[in-house]
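Note sheet for the following structure.
Computed from the coordinates by the stated procedures, all read-outs in this text should not be read as laboratory data. From a predicted model like this one, the values you see are computed outputs, not experimental measurements. Counting neighbours? That spans all protein chains shown, and the Cβs are built from the backbone with ideal geometry, glycine included.
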Amino acid sequence: MNRGNYSDVEDEHNFANEYTPEDEYGDETDFAHDALSVIGAYKGQRNSNDERHGFGKAILPNGDAYVGTYKNGHRHGRGQYRFKNGAIYQGCYREGLRHGKGVMRYPDKSKYEGFWIDNKKDGTGVFKFKNNDKFSGSWKSDMKHGLGTYTFCKTGAILKGMWLDDKKVKNFQVFYPISDGTGFTFHGTWDDNEMVSGKGYFVFEHLKCMQSGTYVENPFYENAKSDELKNKSCKSLWLSNEILPIISGMLPSLPKSRPVARVTSSCDTSFLLDDKVSVVDVPSPTMSRVEMYEHKDDLWAEMEDLETESKYNLQEADAKSSNYREQDE
């Protein structure tokens, strides 16, 4: 059995190694039912129980800021939350937590756009990493979970497959682009350590043929004397001596998609139209002397751009929702 011409594909394109992002930057702070709530600063509407209810804007003691809707004292509906470290979330809330469709932009320029459940990425969504790699697919509790597509920015390689609890499992496909606009696809299977294992096929559509072979463990990899040598070596080797016409029935098929928890794409703002709830505007910020001494009133001026941007995003999102409803009808 001879080693095939594409023995170094795994190492060259490095499709087994997804980009690892930095830790996410904390969660929103909510002092609504905390003794420290007196330190917060708020401008906006309240209900008859003096709870934040309706549209408002707030500066939190830690320097975070929020502009959007509230329901009975909690962020609820649609809003924009700006973290002190520079991260920004725009989207839906439910009872104080990110829930529904929303976009999170992180300080390192990475971005997630998709669905959330109880402050975690959950459902379908797209994450663009700092290095411009991109994952598009299903999420569960902040982990890639279900069918998805991972695009490697540096090489242009596109991995399609199944993830469970952030790990690549079962059958997969990787498309490798070639400079002339064509490319070839590898069909294979992951082992329990997310390494390519066993039988596989390189399919060359433009040549109307495929190469059948097997990935086997490289006996020299573990014996390498230094990490540098290991990094330059393939952990597994591609062995092949068979060229065939393309036979689709021989190729490992992708796993079937699993049901994804459905979350409404529109934010709940129906409570704003509830005539039974008395809503009043609060013309001046409610803040303690401690915060007035620490932040002073000029912080409200810094929030004007945030408020304008947030209201624009609310209008734009409502317009998109209307278009989607018209298309469905």
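The residue of segment 183-201 that is surrounded by the fewest Cβ atoms within 10 Å (Cβ to Cβ), among those that are closer than 14 Å to Ile158 by Cα and touching a residue at least 40 places away in the same chain (Cβ under 8 Å), is His187.
Hey, can you tell me all the residues within segment 67-105 that are surrounded by fewer than 22 Cβ atoms within 10 Å (Cβ to Cβ) and outside any strand (DSSP E or B)? Once the filter is applied, which keeps residues that are surrounded by fewer than 22 Cβ atoms within 10 Å (Cβ to Cβ) and outside any strand (DSSP E or B), segment 67-105 yields Asn72, Gly73, Lys84, Asn85, Gly86, Ala87, Glu95, Gly96. For segment 57-103, a residue qualifies if it is out of contact with any Lys or Arg (no Cβ under 7 Å at 6 or more places or on another chain), of a type in the set (A, V, I, L, M, F, W, C) and touching a residue at least 40 places away in the same chain (Cβ under 8 Å), and the qualifying residues are Ile59, Phe83. For segment 171-182, filtered to residues that are among the hydrophobic types (A, V, I, L, M, F, W, C) and surrounded by fewer than 20 Cβ atoms within 10 Å (Cβ to Cβ), the residue that is farthest from Ala157 (Cα to Cα) is Ile178.
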